[in-house]
Amino acid sequence: MDFFKPLAWARSKLGATAKAILRDPQKLESFATSTYEKLNTEYFKKTFKSFWEDLIVLCKMLKDTATRKYKPQSKKNMFLIVLGFVYFINPLDMVPDLLIGGFLDDAAVLAWIVAKVDGEIQNYKLQSQHA
């Protein structure tokens, strides 16, 4: 699947939502918690098996960003992470999640974002070890 199509769709349809979440620390913390709860299931562990642990780290990073325990290297990275998670949580994205294969587009978008923000993930892990 060409993940740029869902990503472009997400930016146009969900970008304002992602920005609103990022501007409000309480919304960001709540969003990180609810995303973590959705991801922390056997189904998604299997579905996103090759990068599931990184998604969990991203949820923790968002929560720590909201509570000011972590200062992100890049606002763009934070926007991409939140945008990807908003896309994942939204059941009516480009390929509705209720359809067979409905999470394939979510997987493509999230895998691309994990790869794109790998430096941020590594920085967060390093800072978390020293906290």
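Every number here is computed from the coordinates shown, using simple stated rules; none is lab data. If you're wondering where the values come from, they're calculated on a predicted model, not measured in any experiment. Cβ sites come from the backbone with ideal geometry, for glycine too, and all protein chains shown count toward neighbours.
Distance in nm between label sites at GLN129 and TYR43, each 7 Å beyond Cα in the beta-carbon direction?
Each label point lies 7 Å from its Cα, and together they span 3.5 nm.
Would you mind putting 74-85, 17-28 in packing order, based on average other-beta-carbon counts within 10 Å, highest first?
74-85, 17-28
For a quick check: sort VAL57, VAL109 by the number of other beta carbons within 10 angstrom, fewest at the front.
VAL57, VAL109
Using 0.36 nm per residue of separation minus the Cα-Cα distance, give me the extension gain between SER34 and LYS69 in nm, one decimal.
Length gained between SER34 and LYS69: 10.7 nm.
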